[in-house]
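For reference, the structure is listed below as structure tokens.
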Amino acid sequence: HEVAAAWFQEQLASVAGGRARQQLFDRGMAPATIEKLGVGYAPPGREGLKSHLLERGFSLDLCVRSGLVSRRDTGETADRFRNRLMIPICRDSGAIIAFGGRAMDADQQPKYLNSPETPIYVKGRTLYGLHLSKHAIRKAGQAVLVEGYFDFAMAVQGGVEPVVATCGTALTLPQAQTLRRFANRVVLSFDPDAAGQGAA
């Protein structure tokens with residue numbers, strides 16, 4: 001995952017990543033925020049990351065088990081993430097354990113594609129951004145919980161430091177127990193739509 005994150009960041013910085021960089025700027029993300037969160041870009045090709053990982057000595061089976069490469073029933077393999085803005089998901093120690101991929105095109109489905117659950121990543125146990133905000137949460141005695149990666153990014157960029165995000169799910173008991181280690185109080189700041197209010 002660390003190697004993949006570095007590769008995604010290289011793609012974002014490349015000539016081919018110009019459109020992806022523009023999308024991030026259009027969303028109001030400053031270069032410092034992009035760098036802080038390690039945001040990258042997965043190009044449209046089917047085997048760019050796979051080839052890079054194989055060249056670095058990782059086995060194809062490990063690439064599949066990591067969730068970075070998909071294997072079809074036919075046995076054919078390809079990059080799981082293609083033509084997407086890539087957001088690394090870390091455990092609270094800072095180690096990258098998964099990715100969230102945001103579609104680049106309006107008609108691209110699904111809009112968000114996350115890593116599948118793997119031996120190192122369980123969605124319901126993970127809080128996005130906690131590795132960056134845990135000290136601020138402890139200091140404030142409370143956490144603001146938002147729904148997504150970009151909500152987290154804009155909050156942090158706007159100076160709201162004691163903030164974390166769910167990984168596309170409602171708050172789970174393990175996530176609440178993790179937050180309880182750092183603060184007694186959690187403020188839910190979910191979207192005002194039906195899904196957000198239902199989650200709240």
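The values are calculated or read from the model by the stated rules, or taken from the named source; none is laboratory data. What you see is a predicted model; the values in this text were computed from it and never measured. Cβ coordinates were reconstructed from backbone atoms using ideal geometry, including for glycine residues, and neighbour counts include every protein chain displayed. SASA here: full protein model, heavy atoms, side chains in, ligands and nucleic acids out. Shrake-Rupley method; radii C 1.70, N 1.55, O 1.52, S 1.80 Å.
Below are the figures for this structure:
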item: Most to least packed among 191-199, 42-50, 57-65 [average Cβ atoms within 10 Å]; result: 42-50, 57-65, 191-199
item: Dimensions in Å of the chain - Rg and Dmax from alpha carbons; result: 16.9, 52
item: Separation of the Asp193 and Glu47 label points, Cα + 7 Å toward Cβ, nm; result: 3.7
item: Accessible surface of segment 88-200, 1.4 Å probe, proportion on carbon and sulfur as whole %; result: 52
item: Gain on full stretching of the segment that runs from Gln177 to Glu35 - 0.36 nm per residue minus C-alpha separation; result: 48.2 nm
item: Approximate spin-label separation His135-Ala13, in nm, with each point projected 7 Å along Cα-to-Cβ; result: 2.5
item: Ordering of 122-128, 135-141, 84-90 by burial proxy (mean other Cβ atoms within 10 Å per residue, highest first); result: 84-90, 122-128, 135-141
item: Cα centre as origin, Lys/Arg/Asp/Glu Cβ charges: the chain dipole, Debye; result: 500
item: Potential lengthening between Gln142 and Val64 on full extension [0.36 nm per residue; Cα-Cα distance subtracted]; result: 24.3 nm
item: Karplus 3J(HN,Hα) series, Hz, for segment 75-86 with 6.51 cos²θ - 1.76 cosθ + 1.60 (x for Gly, Pro); result: x, 5, 10, 7, 4, 5, 9, 9, 6, 9, 6, 10
item: Cα-based reach from Lys50 at 30 Å (exclusive), listing lysines while leaving out same-chain residues under 8 positions away; result: Lys36, Lys111, Lys123
item: Amide H contacts of Val163 (H built 1.01 Å from N, under 5 Å, at least 5 apart or other chain); result: Val144
item: Residues in segment 143-175 reached by a label modelled at Arg185 [backbone nitrogen below 20 Å; 7 Å Cα→Cβ]; result: 143-147, 156, 159-165
